[in-house]
Structures are given as C-alpha cells and as structure tokens.
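The values are calculated or read from the model by the stated rules, or taken from the named source; none is laboratory data. Worth saying up front: this structure is predicted, and the values here are computed from it rather than measured. Glycine also receives a Cβ, built like all others from the backbone with ideal geometry; neighbour counts cover every protein chain displayed. These area figures cover heavy atoms from the full protein model, side chains too; ligands, DNA and RNA do not enter into them. Shrake-Rupley method; radii C 1.70, N 1.55, O 1.52, S 1.80 Å.
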Amino acid sequence: MITEFKLPELGENILTADVVKVLVKPGDKIAADQSVLEIETDKATVEVPSEYAGVVKEVFVKEGEKLKVGAVVFTFETGTAEVKAEKPEVKPAAKPTPAPEEVPVKEDVIKSVPEAKAVTGTFEFVLPHLGENIASADITKLLIKAGDKVEVDQTVIEIETDKATVEVPSDISGIVKEVFVKEGSKAKVGEVIFTVEGVSTSPKPKQETKISAPVKKEEAPAPVLQEAETSKAEKFFAQSEIPVKVNTVPQLIVPAAPSVRRFAREIGININMVMGLGPGGRISIEDVKAYAKGLNEQYAATGCPRNALCIQAEPLPDFGKWGDFERKQMSNIRRKTAEHLSYSWGSIPHVTQFDKADITKLEEIRKQFGKKVEQEGGKLTITAILIKVIASALKVFPQFNSSVDMDKNEIIYKKYFNIGLAVDTDRGLLVPVIRDVDKKNIIQLSKELNEVSARARDKKLSLEDMQGGSFTISNLGGIGGTYFTPVVNSPEVAILGVSRSSYEPVYTEGQFEPRLMLPLSLSYDHRVIDGADGARFIRWVIEALENPFLLSLEG
Amino acid sequence: MAVNTQLAVLGGGPGGYAAAFLAADLGMDVTLIDLEKNPGGVCLYRGCIPSKALLHIAKLISEAEEAKKWGVEFGAPKIDVDKLREFKNGVVNKLTGGLGQLSKQRKVNYIQGRGEFLNSTTIRVKKTDGTAEDVIFGKAILATGSVPVKVPGLSIDSPRVIDSTGALELNDIPARMLVIGGGYIGLELTSVYAALGSRVTVVEMTPGLLPGADRDLVTALSRRLEKKLEKIMLETKVVSITEVPEGLKVKFEGKNVTEPEQIFDKVLISIGRKPVTSGLGLENTGVKVNERGFVIVDKQLKSADPNIYAIGDIVGNPMLAHKAAAEGKTAVEAIAGHKTAFEPNAIPAVVFTDPEIAWAGLTETEAKEKGIKIEVAKFPWGASGKATTMDRNEGMTKLIIEPETERILGVAIAGVGAGDMIAEGTLAIEMGAVVKDLSLTIHPHPTLSETMMGAAEVFYGHATDMYRPRRK
Ligand SMILES: Cc1cc2nc3c(=O)[nH]c(=O)nc-3n(C[C@H](O)[C@H](O)[C@H](O)COP(=O)(O)OP(=O)(O)OC[C@H]3O[C@@H](n4cnc5c(N)ncnc54)[C@H](O)[C@@H]3O)c2cc1C
C-alpha cells in the first residue's frame, strides 16, 4: 500500500515551515517514530517523526523549501505489518516515554548498571523484586507468548500487588521460548516467568530491577528534593500523550541549569515534568519549549481550560437558519461571571435546602425602628437584618465559614465574618462584601449596605471591595418568586437565597392566621457540609428571625 | 514619628542587606533596620569575616613553622594581641563601613535600633538614641539571624566562659583552653587559638569531629589537628563547669575519659546556633515558627503572614551567609512579582580550617542514609603536582555520581583552598553536568583545581596522574 506522509500540525497559528533537512531518500526503510524531516518554524526547529513504518518511494521536498501544513512530503510503501506509531506528534527524536499511571516513588526504579557484556543462550526472566515486604503478585496481563520477540525494556507482564498495578519491563531480549505463568495466576518474586533464546546484556543472576512500593500517582509523596507542586492540569496531562519524564532514576537534582529552571518557572512550566534530551537527561531551554508547546497543542486540541474541568463546548448551530440574530461581545463582567459560576457549579456538589421564616413579628419591629435607623442614615431592610443573623449563624456553624483545599486535603476555617451581597446592576451581577459584620450593629450594617449598593450601581466598586467574603446573600425578594437554587460563590461554601415574603394562612392553635412568611433557599457545598447541618443552619437562621431576641441571647 | 516604606527589612546581615540592596536596585523604597551602626550582621561583625581574618594569621603562623622542614626558619612568632585585634577590627570596620556607603548610595533608609512588629504592617523601632519610630510597610522581610545556643548549667556567668562572639573579640590568648563542640565554628576558632599559642582541647559528644560531614574528608583534618592540639576528646560530655581561683574546673563524662576533672583558663562553648524569633513581636503578626524556632516559609520565602517574608538563619539550615543572601534576593524578586523560587540544586558549605573542607550537593553520608544509589570517584592529592609543591598531599577531591546518567550530584574536597575550589563543583551540579563534562574541561596546570578533572578521570579509570583501573 502506498501512503503519503504529510507535514503534520505544528501547533497553533503555525501554517508553514522551512525544510532544514530531509532525512530520508527513496529506498530508505523507515521505522515508526523515526525522524524524517527537520523543519524550522518561527518558533523552533523540530524534527518530524514518521507515523508509520515502511519504505520511502518518492520524496517531494527539498531542503530550503517552504512547506504548508498538510503538504505531501514523501510517499512510502507499507507492508501488511504496518504499525501506527503510538504517538504521532512532533517532538525531537528521542524515544518519548508516556507517563504510566503509577510512578514508582521513594526508591524509584533503580537498575543495577549492567555490565556491557553480551552473552548468548537461554535466559530466564524472573519476577523482579517489587519492593519491601512484597513477596508475590497477581499476573493481570501477559503481554508475550512463545515465539514473540522481546526487547530489553519492553513491557512483558502487568502485575498487581496489594499496593499497585505495575508494568514490568523485560531486562533480556530474544525470542520467547516458554512461558510458565498464566493471566490471573500468582507468581512469587524470583519465580521464572518465561525463558528466551537470545542475547542478554545482563547476565544472571542479576535482577536488581527494583520497583519498590509504587504508589498511585495522586498519593505519591514527593521524591527527594523534587518539587511537589505539580498543578492539577499538569497531572492531568501527565497522563496524556505529551512526553513527560518518568523518573527512571531518583530525582535528586533537577538536571537543568539555573537559567533554564528560571525560564521554565517564568513561563509556568513545572520543570520536573519536562523530559531532558541532553546528556544525562539534562534539560535545555529547547526541551522546556517543546514541552510547553506540547501542552499548548493539547489545550488547543481538547479545548480544555487550564483548570482540568474539561467540558468541551458543543459546536453552535447556524442560528441564521431560523431567523435573524445579532452577535455582541460579552462584557468583562459577563465573561467573569460565566467563568466563575461555571467553575462553582462544576466543582461544588450543590444541595439546596428550602424553608420559610415567619417574619410577622420581625416586620413589626422593623417598622417600629425603621425611623430611627433612617435618622442615622440607613435603611432597616430584611437584608440588613439577615446579614447580622448570618454572621451569628456562622459563629455557631463554623463549617459554613470555610473553604476547601482539595489539593492539600485541608479545610480552611475563617475567623472573620465578611458577608457578600449579590447586587443586581445594569452591568450585571456584582457581589460587594461587607466586612467584619460580627463587630458591627444592624444600624451600621444598614448604612454600609446602602453605601455599597450605591457604589455598585455607580460602578465605583473596587476589586478589593468584592473579595474576601465568608458567605453570600442573594435577595431577589424585590422582584418576586418563591424559591430558587442559588449557586455557591466559590471558594465560599454556602449562599442564602431570599425570595419575596407574603402573607399566608398558617394553622396555629386551631385556626388559620395570616402570617408574613419569608421563603429562604440555602445552597451549600456538600463536600464540607452534611445535609443535617444544612437543615440545622437554616433552622437556626429562621428561629433567629422569628425570635429576634434570640440574636441578643445567642448571637 | 512614623515613616512609610514599600519594603522594610528587619536585620542587616548578609540576608537582610542583600535583600535591601536588590530591592533598592529594583526601584523599591526600602527601609533597613539593624542594631549596629552599619549593615553587616553576624557574618561581618562576629562571624565569617573576623574569623577568616584571624584564620589567615593562624595559617601564616603554622606555615612559618612548617618552613623549618624546607630549610627556612623564622624563629618563634611574637604575638602582639592588641595589634592583631586592631587588624581584625580594621577588617570588620572597612567592610561594614563599605556596606554603610553602599546603603547610602542606594538611598536605603537605614535605621539603627531594635525593631518589633506591632502588627502585620508596622514595625516599631526603638532607636539607639532612645526615641521610637514606627515603620509602616507594604511588605517586610524578617532577617534577624541567629545567636549562639547557651547551655543551662554550662554557660555560667563568667568572663572565662565565652561563645564564638567572645572568642572573636580576642581579649587575650589563654594558656589552656577548652572548646566544647567539634562543629565548624568550634574547629575554626580552635585553629585560631592553637596557632596563637593556646594549648587547646576539643570535646565533642559524637564519635567524630564535624558531625554530618563525610568521614573521609574529616580524616585529613583530624590528623593535622591532633598534632596541633593538646587533645581531642570524642564521645565525651561536659557535665559541669565551676569557677575556681585557678580558672575553670571542668568535669567530663565518657568512656574514654582518663582525667575526668581538669582546669582551663577559658572555655569556649560552640555547640550550635538558634534563630532569633523571640522579642520581635511575631505574635502580633501571622508569622508562624516551627518546633525548633525557625520561621515557616514557602518556596518564595513568604511566611504564614502574606505581608512578611523571612530569610537567612532564621528560616533554617544550612545557616550560612551565602544561603541567606540568595534567599534575600529570591524574597525580593517574589515581592517584586517575579516568578521565582528558592530551589538551588546545591548550597556549598566550607569549613575554613587548615586543611579546608568543603562540599556541595549530595554527600556520601546522606546518600547512605537515604539509600540513594551512587558511585564515588576520588582523587587523592598524593597524585597532585601542585599539592606536592606545597608539601600538602593530605587532601582529596571526590565526586558523587548518579550511576545511570553519570550526572554529578555532589562534590566534596578536603585540602588547602577547598573553599575556593568548591565553586566549580557547585556550578557543575547546578548545570546538571555529567562526569564527562568535567573530564573534558581543560584545567590549568599545575593547580589544585586539576584534581576535579582528575576525579572525573578516575571515574573512567584513566586518570593520567594515577593508576587505578576501573574495578568493573
Ligand atoms: C564564628 C562564625 C563564623 C561563621 N563563618 C561563616 C562562614 O565562613 N561562611 C558562612 O557562610 N557563614 C558563616 N557563619 C554564619 C553566618 O554568619 C550566618 O549564616 C549569617 O550571618 C546569617 O545571616 P542572616 O542575614 O540570616 O543574619 P545575621 O547575620 O545573623 O544578621 C541578623 C542581624 O539582625 C539583627 N537583629 C536581630 N534582631 C533584631 C531586631 N529586633 N531589630 C533589629 N535588628 C535585629 C542582628 O543584630 C544582626 O545584625 C559564621 C557564623 C559564626 C558565628
């Protein structure tokens, strides 16, 4: 079969490249992943590997020529045993090593340095030492059979110990003669798994391949001196196809010059993830760039934002088919709101608890003191009162004044009581924060509330004014409605939605009475707040509203 | 009185002044606070610098003595302690005065006094003239360094019991002196006093001098020290010190102790240093310290209080001036918003005894402790032409190598000039050099630096100057 080899995608916004070197000529036999072309884009010089193995028939490009992405570079003939390279991507020609699920830690894979003496004959492959206290393993996958050709480092079995699943590479090469185990069977460390006829570079009894205590990547404690701050996105991509480093030797020092390490930090790359192609695995600036480029391509290809919540946008239909429409630029506030709320909604498991407070009495008090507060320059609204009530509730229920740090496995409990208020403005939703609510009385709060709402509407809020909240209140009562499901304002863990109060017949002491009822909707982050606590919290708030004196007693 | 400043640096040691100066160079408005008239800190006033000035003299004295062997005799040295002290003080004044100048040129607002945090934005400075000044800062760097550890019961209130600070004052040259602690500070000061004529005994609790350093490095030093000192008592504890009319009566405990009670004219206690974190008002800030008193910081040297960074001895080991300075620069860059972090591959450590001992990166001892597989290549200075011309063949240059990649993970040197030579090793580690890089770099002949190249050749089993084929 004749196949065309075309110049592959080189990254975002790269449409052409200059051919620096053509590394193949007609008649050449090429292997998958072999470099066939060296090209230069305005970003870097790269070697392009072939995706397929075969024999080159005709070459269409010359050195010095400019090529478009997609242009045919050469044709080649493939046999039936055509193998698609696992990883068709542009990368300097060294053997890329995809990251496995498990990264051996603590001792990593330490191979004894084999003597460079080749010996021919029949050799045994035995189950290597797997780490302290691991005596046997279950063979979960057998990747070779009699007659197969195996090479050094080729994965031959997959095993499961009580600690992890590990792919075990061969340390011998040759043709498999006999296999002594079956999938699903148990093997002891040191037990012969198979024999090969061929050449061994590491004569028996060597076997020092130590894959000690491999731990699942997420749990991996940082190896000696290695940076532990691998970001989520990087971990995510570490499992994909970008060549990242697998520590085959203990990561004692970063094999990169200080200038290279600084460069990586500046462009936001974790140097520990970069595979160095220099002597001894030394990482150059080029290696860092290649890695960064790989990441970018991955982002571009998957449309993934940097936080690994990868929900791909569905393609939009052509709305013009159904009528006229207009496209408008999103405002910054809209864009931020969209991103922030998507994040909150996507990362926080929400539960919303509904309930009603009887505020008949509170309403009387509010009217009674309204004048006094007005004289002081504030307005005694339900929101102002709620701010105070919530601050008190946060003291009783500290888990409602927390944030979650999943990376560190920690919950952050805040010792301050800052309440955010969702304010509807003509530019969109803004959430100014009123600080240290616990230290202010309701008159002060109502004054401050007036001020910030005015500032929000006059576009005078600073970024600082909208940060540092403990809890958010969203009052839609002015508009109407009964209940709604507010979205928690991450990194906060709870939000109270307030709807319009109305008189309802309430059955008390044998008769219906008209009572002014206020519908409340409490959404909370179920990771840190249990359902029962959610119900208790909202009950506490309601009782405080129904018995205003309680606040003075307990709050 | 109050001043506003973008950056306040509390403590003017090598960490503090390096930070203040870089911040000024980056255009920040900086206030530097220290107790002394000029910046310098422990290092310049009572650490690195005065000790090195005296060690220079000590080396001169011992070389003059050794010259006898080579046919040159100077006679017994006459030592004028007052003049020697003047020389040492002159060195200190010259360097600290220079720092004062540099500080002025950079328009750093230098305040002499004791600072204390009132909160996360204010330091109150009690100035030397008795007045107080509040420094209101955007960010602060805490660099108050460390002080010698005192031992209850031993650090008695007597002019005969001194610490490193007292020893460097050089009030007199005691006839018989005891140095408690065989760490680097103890041994450096031992070398000084032994050369000046004191009969010095060193007592160390662990089985060897310089605990933590590779044993093969220490051997060369111990041998030479044994000749110059009255005694080295290992695995020995001092249990009491009492003042008696003749001097200080010291009681020892340990299985090798032959004379459990001895009289000394002076006792120098140098068993370690501890961070200065009390009396700074840290409780008024969000700064947190660990159980050993070191301030807890992240990789950018930011403490638990986002306004306050901490650097130098106060954040932990190694307590060395160059580490403090490097941290100071990182902290300032972080404050300036640069993407930076303190993450060296190697921090060199030097013991300025004679011979010197220096190392950087991974040590053999550490590799053993952590079960890290390494290969070691050693070049003994017996094979060095330069060392032979100096009649100082006792040294050794050693590379710690990652067997699979042949990367250099550590370098250690014992011998004359080791402190200067370790810089090449540090660079090799930082650059991710492999052994080949060292063996193929042409080193000048005849120098001690050739021993680096020599050690690299030893790794391949073909060092020109010695015959030791590779075992494998
Ligand atoms: C005898 C000896 C020899 C040494 N030799 C070497 C050597 O050869 N090489 C080497 O690298 N290191 C050496 N060191 C260690 C070196 O001196 C320290 O590592 C270094 O000085 C630490 O610098 P720093 O900036 O952390 O603080 P320091 O140098 O300790 O400076 C802290 C400063 O803060 C001031 N300060 C403290 N509290 C306050 C306050 N409340 N208000 C105002 N100011 C305050 C102190 O007075 C001091 O000036 C030696 C130390 C000693 C004792």
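Given an 8 Å cut-off on Cα distances and at least 6 residues of separation, report the relative contact order of chain B as a percent.
Normalised by residue count, the contact order of chain B is 14 percent.
Throw me the Rg/Rh for region B:349-460, computed over C-alpha atoms with Kirkwood Rh, two decimals.
Reported Rg/Rh (Cα atoms, Kirkwood Rh): 0.95.
Enter the per residue convex hull volume of chain B, computed from alpha-carbon coordinates, in Å³ rounded to the nearest integer.
Taking the convex hull of the Cα positions in chain B, it is 176 Å³ per residue.
To the nearest 100 Å², how much accessible surface do chains B and A cover up together, summed over both, with a 1.4 Å probe?
By this definition, chains B and A bury close to 2300 Å².
Highest mean first, how do B:461-469, B:236-244 rank when packing is the count of other Cβ atoms within 10 Å averaged over residues?
Result, highest mean first: B:236-244, B:461-469.
Which one of B:Gly97, A:Val20, B:Gly279 has its Cα pushed farthest toward the positive end of the charge dipole of the protein assembly as shown, where Lys and Arg give +1 and Asp and Glu give -1 at the Cβ?
Result: B:Gly97, furthest along the dipole toward the positive end.
Taking +1 at the Cβ of each Lys and Arg and -1 at the Cβ of each Asp and Glu, which of B:Gly371, A:Ser402, A:Val179 sits farthest along the dipole of the protein assembly as shown towards its positive end, judged by Cα position relative to the Cα centre?
The Cα lying farthest towards the positive end belongs to A:Ser402.
For region A:254-302, what is the convex hull (Cα atoms) projected area averaged across all directions, in square nanometres?
Orientation-averaged projected area of the Cα hull: 3.1 nm².
Please list, in order along region A:61-77, the HN-Hα scalar couplings obtained from phi with the Karplus expression 6.51 cos²θ - 1.76 cosθ + 1.60 (θ = phi - 60°), rounded to whole Hz, x for Gly and Pro.
My calculation for region A:61-77 gives 10, 10, 4, x, 7, 9, 10, 8, 4, x, 5, 6, 9, 7, 10, 8, 9 Hz in order.
Taking N as the number of residues in region B:161-271, what is its alpha-carbon radius of gyration divided by 2.2 N^0.38 Å?
0.99
Distance from the Cα centre of region B:361-386 to that of region B:125-176, in angstrom?
Cα centroid of region B:361-386 versus Cα centroid of region B:125-176: 37 Å apart.
Considering only DSSP states other than H, G, I, E and B, which GluC sites (Glu not before Pro) in region B:1-95 qualify as loop sites with at most 11 other Cβ atoms within 10 Å?
When the GluC sites (Glu not before Pro) of region B:1-95 are filtered for loop state and at most 11 Cβ neighbours within 10 Å, B:Glu73 remain.
Would you work out which of B:Leu189, B:Leu168, B:Thr236 lies farthest towards the positive end of the dipole of region B:161-271, given +1 charges on the beta-carbon of Lys and Arg and -1 on that of Asp and Glu, about the Cα centre?
Highest projection toward the positive end goes to B:Thr236.
Expressed as a rounded percentage, what relative contact order does region B:244-291 have, with Cα pairs under 8 Å and six or more residues apart?
28 percent
Looking at region A:405-460, which chymotrypsin sites (Phe, Trp or Tyr not before Pro) are DSSP coil and have at most 15 other C-beta atoms within 10 Å of their C-beta?
In loop regions of region A:405-460 (DSSP not H, G, I, E or B), the sparsely surrounded chymotrypsin sites (Phe, Trp or Tyr not before Pro) are A:Tyr416.
Would you mind telling me the share, in percent, of accessible area of the protein assembly as shown contributed by carbon and sulfur at probe 1.4 angstrom?
53 percent
How many angstrom separate the Cα center of region A:8-76 from the Cα center of region B:29-69?
A separation of 63 Å, based on Cα centres.
Using Cα pairs under 8 angstrom and six or more residues apart, how large is the relative contact order of region A:332-554, in percent?
Normalised by residue count, the contact order of region A:332-554 is 29 percent.
Compute, for chain B, the length of the dipole vector about the Cα centre, with Cβ point charges of +1 (Lys, Arg) and -1 (Asp, Glu) only. Units Debye, rounded to 20.
So the magnitude is around 40 debye.
With a/c under 1.5 counting as rounded, go ahead and sort the protein assembly as shown into rounded, prolate or oblate using the C-alpha gyration tensor (a ≥ b ≥ c being the square roots of the eigenvalues; past the cut-off, prolate if a/b is larger than b/c, else oblate).
In terms of gyration-tensor shape, oblate.
Can you tell me the dipole magnitude for region B:161-271 around its Cα centre, using point charges on the Cβ only (Lys, Arg +1; Asp, Glu -1), in Debye to the nearest 20?
Dipole about the Cα centre, nearest 20: 320 debye.
Suppose every K and R has +1 on its Cβ and every D and E has -1 on its Cβ; what is the size of the dipole of the protein assembly as shown about the Cα centre, in Debye to the nearest 20?
The dipole magnitude comes to about 1860 debye.
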